[in-house]
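The values are calculated or read from the model by the stated rules, or taken from the named source; none is laboratory data. All values reported here derive from a predicted model rather than from experimental measurement. Here Cβ is always computed from backbone atoms with ideal geometry, including for glycine, and neighbour counts include all displayed protein chains. Note: accessible area is taken over every heavy atom of the protein model, side chains too, but ligands, DNA and RNA are not part of it. Shrake-Rupley method; radii C 1.70, N 1.55, O 1.52, S 1.80 Å.
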Amino acid sequence: MKLYSFAKTVVFSVLNPLYRFEVIGADKFPKEGGILLCSNHIAALDPPVVGINAPRPVNFMAKEELFRMPILKSILPGVRAFPVKRGMSDRDALRQAIKLLKDGEVVGLFPEGTRSKDGQLGKGFSGAGFFALRGDANVVPCAIIGPYKRFKRLKIVYGDAIDIQPYRERKASAEEVTEVIMAHIAELLEQYKTK
């Protein structure tokens, strides 16, 4: 936790002067319980930007190759990253994410799976709905409103938590829950893009 706090402070002090973060809705962020934090994805800097501006520590999946690099392999676990094999179903990573959520942690996820080339919100993969349903956690939608331009304001908007329990009770599909999550992100983008 000490490394996470230190890294968060350092990264914030470097990025905030460049992108002038405006954080909206952090006061709505649940103070406890498992949270799946789902955001749109517009740039490579999205994971650290979401992580350093969130009111609680955020766990992110990171590609397995990074954990083989000499320096990174000792740093990444300390900043709450855990490995995922890309291009295949990685059961260990799935189990790790679900365990973190059930343990009351925050897991960050970009449902689109990859960065948007045109800045528009893409279709979400069903993994977001899968984690929301299996992880016994609520979902906090997040919108990053850019673009990333030096010394221009960048908005990070956290929406109201989505209660997933009704979807669990009626055994909704992962696809349906993902669509609900993406609709909430789209609503935040629409509501705050011109404010």
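Can Phe12 be described as surrounded by fewer than 19 Cβ atoms within 10 Å (Cβ to Cβ), in contact with a helix residue (DSSP H, G or I) (Cβ under 8 Å, 6 or more places away or on another chain) and within 20 Å of Tyr192 (Cα to Cα)? No. Between Ser126, Ser116, the distinction of being touching a helix residue (DSSP H, G or I) at 6+ places or on another chain (Cβ under 8 Å), surrounded by fewer than 22 Cβ atoms within 10 Å (Cβ to Cβ), among the polar types (S, T, N, Q) and farther than 18 Å from Gly51 by Cβ belongs to Ser126 only. Among the conditions (1) within 27 Å of Leu18 (Cβ to Cβ); (2) open to solvent by less than 40 Å² (accessible area, probe 1.4 Å); (3) touching a residue at least 60 places away in the same chain (Cβ under 8 Å), Leu36 misses just one, which is (1).
Listed by position, the strands (runs of 3 or more DSSP E) inside the stretch 19-119 whose residues that are under 23 Å from Tyr148 (Cα atoms) and among the small types (Gly, Ala, Ser) number at least 1 are 35-39, 58-63, 106-109. Taking the criterion of being among the polar types (S, T, N, Q) and either open to solvent by less than 30 Å² (accessible area, probe 1.4 Å) or touching a residue at least 40 places away in the same chain (Cβ under 8 Å) (or both), the residues of the stretch 136-195 that qualify are Asn138, Ser173, Thr178.
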